[in-house]
Structures are given as C-alpha cells and as structure tokens.
Amino acid sequence: MTEIDNDLRPLTAEEGTLTELHPLPEGVPDALVNKSQLEIGLGVSQTTISTWLRRPENPLPFESAGANGRSYQFRLSIAYAWMRQMRADEESARAQGDAAAQQLQLSLLGGETATATNGKMTLSDQRKVMELELIRTSAARERGELVRRDDVVTAFENVFASIRDALDALPDRLGRELGLEGRDQEKCQIACDDVLLNAHRAVSEVVGDGESEGGII
C-alpha cells in the first residue's frame, strides 16, 4: 500500500492491524473516496455498499457520513481491508455450517453399519430413496415445474441492474426537473437505496444468497 495523501489521518491500532492483515494491492495508493468511487474500486454496486453501511453488526466503516448533498467519504485502505475480512469471516462461518451439516447427515444415515432395526436407513434403502428422488426431479423438470437456479438468478440480476441504474439516476433527475436542493436529493438517494435493499431481501428469500451453484428451483 502506498500513501500519497499527506492529509490522511493516522490509523487507529485496530485499523492498522486490519489493513496490515489485508493490505491494498501493490501500487494502489490509499486515499479518501466517495461512494461512486468505492463502488468502482471494490467492484460492487452502490446498493451493496448501502447494505454494508446498514449492517446491524460491524457495518462498513466511513470517514464522514453523507449530508447536505455531500456523499459519504471512505478511507480506501480501511474499506478494502474490511471487505476482505468480512468475506473471510463469512467463508469461515459457512465452512463450519457445512461441516456440522455433513456430520449430522452421516449420523442420520448411519454410515456403513446402519441397519433397519436401529432406526436408520440401510445403504440399500438410501440408494432407493436417491433413485426415486432423481426420477421425480427429472420428471418435474421435463414438465417445466422446475427451473435451474442459475437461470432464475441471472434473470433477477438483469432486472435489478436496470432498476438499480434507474434509481441511482433518479435523485439527480428530480433535482434537475423539480429544482430539489442537495439535502432533498440526499433524502431521495437514501429512499432509493431502501427500496433496492428491501427488494434484494425479498428476492434473496426466494433464490437464496447466490452462494450455491447449479441446482433447481
């Protein structure tokens, strides 16, 4: 990480530890950036950034909040390190959940020693259940009752991209057409972000969090 802005404040001890653990890529200077610049730098949408800012626990750190027509300001090194650590924590929690689920599955199936008398399925019964499930799934897919999850997610992403672009441009448009002041435009931006956040939550309940691949719905 290369610091070229002499006006940057010193990092706190916690921030220093975090940025040392997840430093900016070689040659990338630390700097203060606005919401749009952070979107480009981290490769995420403004909706995602807004969601991170509203996390009830460990929200995205910022240098100054948006107000009176001014955008949020972020410290690039801190935001980048926070994102990397947040994703590492999520991956660790997901791995622990997967391990616990697999352990439970092995316990329920009973492994190679399962018998019909101990309340667990024998290997022969397990194979029959899996074969019946495969037949049921294939028949349902042919009838059009099941759709590949990836196709559904792609369709939602395309729709949301159009909606997000329109809502991102809406405050500026209202400012021009209705003569809104900067503070009112900021309120419009927050309202648009809330709409996208609620829509994202509703869709996530249907298609999941986007982590799994393949699959059908």
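Read-outs throughout are calculated quantities, based only on the coordinates presented, and are distinct from any laboratory measurement. Just so we're clear, the structure is a prediction, and the values are computed from it rather than from any experiment. All Cβ positions, even for glycine, are placed from backbone atoms using ideal geometry, and neighbour counts span all protein chains on display.
The table below gives the values:
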item	result
Protection proxy ranking, peptides 52-65, 74-87, average beta carbon neighbours within 10 Å, highest first	74-87, 52-65
The stretch 20-27 - phi-based ³J(HN,Hα) in whole Hz, Karplus 6.51/-1.76/1.60, Gly and Pro as x	6, 6, 10, x, 4, x, 3, x
Backbone HN-Hα couplings from phi across the stretch 176-186 [Karplus 6.51/-1.76/1.60, Hz, Gly and Pro as x]	6, 7, 10, x, 6, 6, x, 5, 5, 5, 5
For the stretch 128-137, Karplus couplings with θ = phi - 60° (6.51, -1.76, 1.60), whole Hz, Gly/Pro x	4, 4, 5, 5, 5, 5, 5, 5, 4, 5
Label-to-label distance, nm, for residues given as ALA140 and ARG84 (7 Å Cα→Cβ offset)	4.2
